[in-house]
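Just below is one structure, and these are the notes that go with it.
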């Protein structure tokens, strides 16, 4: 049945109506093609066509992040304007400021672009460091960046870093916090190239990853003390965790793997925070966390300072090592337990950084850091040979009580615990690798 509306049109008939409809359909098709062409030119002619109408936002990282969300994050994490040279990790605010720029003295400021990776884009985040996956609700701890007082620290650039280390081998040498930094670097680099997981030992303490497009090897060598530490006590079939530490005997478990390494990042400290006995030349000289007659408590800064002096000298004197081996001394990363310690009621529930005024620079943590810096300066000012640099992250990390997993991690039995020692991924620890890249670029 014909529509009454069409019946009343002046020239309407069945034959003529078919011709008019065909003409209208053709016109509509032309209009659609033209509109599609214009939209295509708009999209592909501008790499970020909607940036001008879209406000910046912080990204909430959750385990349910979608693919489109991830693309949006990746497309909008532009840390600096295009007129800034992206090949330089550090640039002074004024040319005259370059020499006096201290990368490690500064403050935390908001980062509006969010982190460079997420728990969606990095598949190698360990579950224990995956704070969002484990139920952490706040996200502000991921949205801060380190601002040195006298220069600008650029964000990590995976392609630039991989170009620096092309054909090289990098080893993180230390305890689980050293591994934490390696895990951060692995996530950052995986945004530029997906690595191959080459090796892990049965305890998952020695790991090797390989980036084939850049012939770059990333590895971690586990060591509790850098030097020999022996647990000689057995009570009811269990070890006592009281160690006899030889301050002048290198730990062969990592030292025998050092030849062939081009960059070595050395760090330790946390295993010294317990009762230990200290030896030099095979003789007992003191202890830590002890109260015994005729055995002086020499303190952790003394022990750690001695070890760093010895290890840096050992690496410099290593005849089998690469002549151009670069050693980086990474200073102490403090824990932030409050109202107790590990497995002793300690917690860390803060959700924002400290200001510099809130940090106690007369603390034992700062004294420990100073012993490491002194060991570095002693070598830097007197020794000739292999290059040594410092990653002095202590000041920055003393301000970040909000960056730990806290209650948001689980053991192998699925039980939640407070971890106020390690660092969430992504999180404040990523800045260590911003600084790492800046240090490497200084003399490239």
Using the per-residue mean of other Cβ atoms lying within 10 Å as a proxy for protection, in what order, highest first, do the peptides 352-363, 395-406, 222-233 fall?
395-406, 222-233, 352-363
Additional length obtainable on full extension of the chain from residue 256 to residue 210, 0.36 nm per residue less Cα span
14.6 nm
How high is the relative contact order of the stretch 90-441, in percent, counting Cα pairs under 8 Å that sit 6 or more residues apart?
21 percent
Work out, step by step, the length gained on full extension between residue 320 and residue 342: first 0.36 nm times the residue separation, then minus their alpha carbon distance; give nm to one decimal.
3.9 nm
Heads up, the stretch 174-311 by the C-alpha gyration tensor (a ≥ b ≥ c square roots of eigenvalues; a/c under 1.5 rounded, else a/b over b/c prolate, else oblate) looks prolate
Rounded if a/c is under 1.5, else prolate if a/b beats b/c, else oblate: with a ≥ b ≥ c from the C-alpha gyration tensor eigenvalues square-rooted, which is the stretch 90-441?
rounded
Packing-ranked peptide list from 247-258, 280-291, 145-156, 324-335, highest mean Cβ count within 10 angstrom first, is 324-335, 145-156, 247-258, 280-291
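Every number here is computed from the coordinates shown, using simple stated rules; none is lab data. Because the structure is a prediction, the values reported are computed rather than measured. FYI the Cβ positions are ideal-geometry reconstructions off the backbone, even for glycines, and counts take in every protein chain you see.
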